[in-house]
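Nothing in this text is a laboratory measurement; each read-out follows from the coordinates by a stated rule. Keep in mind that what you see is a predicted model, and the values were worked out from it rather than measured. Heads up, the Cβs are rebuilt from the backbone with ideal geometry, glycines too, and the neighbour counts pull from every protein chain shown.
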Amino acid sequence: MNAIVVSDLTRRFGQFVAVDHLTFDVRQGEIFGFLGANGAGKSTTIRMLCGLLKPTSGTASVGGVDVSRDPEGVKRRIGYMSQRFSLYERLTVDQNIRFFGGIYGLDQAHLNRRRRFVLEMAGLEGRERTRASELAGGWRQRLALGCAILHEPPIVFLDEPTGGVDPLSRRRFWDLIDQLSASGVTVLVTTHYLDEAEHCHRIAIIHAGRLAALGSTDELKHMLADRSIVEIHASNPVEAMRLLDRMPEVEKTSVFGTTVHAVLRADRAIPTDALKSRLVDGGVPVAGIGPVQPSLEDVFLEVAERA
Ligand SMILES: Nc1ncnc2c1ncn2[C@@H]1O[C@H](COP(=O)(O)OP(=O)(O)OP(=O)(O)O)[C@@H](O)[C@H]1O
Ligand SMILES: [Mg+2]
């Protein structure tokens, strides 16, 4: 069953097309990732799906409700954690929860039950009287998630929920997303952290408002199945990249920390030993070299280039 059905969804700001004929479905209980560079149109799409921004054309239904015809009906059925603003900074943890409970119209008993759930889920027991502005990043984001799901919505939109959050807190946050999904909640989430995207059942890559790729991580990685990728560990990755980029067998390179990925041309094979010798001869010591499976980063760069 599809929780979200999007067809030719388009949004213009004046002449500028921010979202350009997007078409995709999200299944119930799915974790659906939205990837794309800054300005790709992710937040604009989410705001339309939440009933906060009118589409210029096209249709979208969320939980069976048409976002253009009944935006208020959509708002009642969803949870939304916006990219920038999602908590009241000057209110305490407890006041934020009660405030959102009021907005969602929860009665006292229901609110008390959900309040306990959120405090426990977010690990915020004992911090009820701390101001939101004084919470560390990981706690803030978990509180914001808690407030977004206080009314137990079946569909949740999370717009960059882990931006600026440390790796351990990010992992903890994704455990919560996994739990939501396992309980049947549909989650549409944006992120710039590609390691997080591995948690998603399916991923849409948005480029300049258009759908550039859609599929599971395995399906997306399959796009690079015809090319070999070599990973090189070098103390000077920048210099290694410069040398590799000049080799006719190398289609493109990208750097991840101290490792370089070189995508080889499909029609020009070169053994890794030979590649290593050329790097060493060029003055770049190689600590390790070997073939690897494409990462999501490789896919992301490939898709951006094709688009
Ligand atoms: N209200 C608006 N008026 C004019 N242009 C807008 C408006 N809202 C968004 N845009 C433009 O639409 C484009 C898409 O913006 P959007 O916020 O959807 O991108 P995004 O993919 O969420 O980017 P980021 O990763 O930086 O959050 C951008 O070029 C942005 O400047
Ligand atoms: Mg955004």
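Below is a table of values for the structure above.
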| quantity | calculated |
| --- | --- |
| Nearest-ten-degree value, helix 296-306 long axis tilted from longest Cα axis of the chain | 80 degrees |
| Dipole of the chain, positive end: most advanced residue of ILE203, THR10, PRO291 [Cβ charges, Cα centre] | THR10 |
| R0 of 30 Å, Cβ-Cβ distance ALA136-ARG116: FRET efficiency to nearest 0.05 | 0.85 |
| FRET E, pair ASP226, MET1, Förster distance 45 Å, beta-carbon r, rounded to 0.05 | 0.80 |
| Of ALA287, ALA266, ALA182, the one that fluctuates the most in a GNM where the chain has Cα springs shorter than 10 Å | ALA287 |
| The range 222-306 - charge dipole about Cα centre, Lys and Arg +1 at Cβ, Asp and Glu -1, debye rounded to 20 | 140 debye |
| In nm, spacing of pseudo-spin labels at GLU125 and LYS54 (7 Å Cα→C-beta vector) | 4.8 nm |
| The chain, relative contact order in percent, only Cα pairs under 8 angstrom and at least six apart counted | 19 percent |
| Calculated from backbone phi, Karplus (6.51, -1.76, 1.60) coupling profile of the range 191-206 in Hz, x at Gly/Pro | 7, 9, 8, 6, 5, 5, 4, 5, 6, 6, 5, 9, 10, 10, 9, 9 |
| Within a Gaussian network of the chain (alpha carbon springs, distance under 10 Å), most fluctuating of ILE177, ILE289, ILE155 | ILE289 |
| Helix 108-121 axis, angle to the chain major axis (alpha carbon atoms, nearest 10°) | 20 degrees |
| Amide proton proximity set for ILE155, modelled H, under 5 Å, gap of 5+ | GLY79, THR186 |
| Cα gyration tensor shape for the chain, rounded if a/c is under 1.5, else prolate or oblate | prolate |
| Gain in span if fully extended, ILE103 to PHE85, counting 0.36 nm per residue against the direct Cα distance | 4.9 nm |
| Gyration tensor verdict on the range 114-203 (Cα atoms; rounded if a/c is under 1.5, prolate if a/b is larger than b/c, oblate otherwise) | oblate |
| Top of ALA274, ALA240, ALA60 by mean-square fluctuation, Gaussian network on the chain, Cα under 10 Å | ALA274 |
| Segment LEU168-SER277, extension gain: residue separation times 0.36 nm, minus the distance between their alpha carbons | 35.3 nm |
| Local electrostatic count, PHE13, Cβ distance below 13 Å [Lys/Arg +1, Asp/Glu -1] | +3 |
| Value of relative contact order over the range 143-269, rounded to a whole percent, pairs C-alpha under 8 Å and six or more apart | 16 percent |
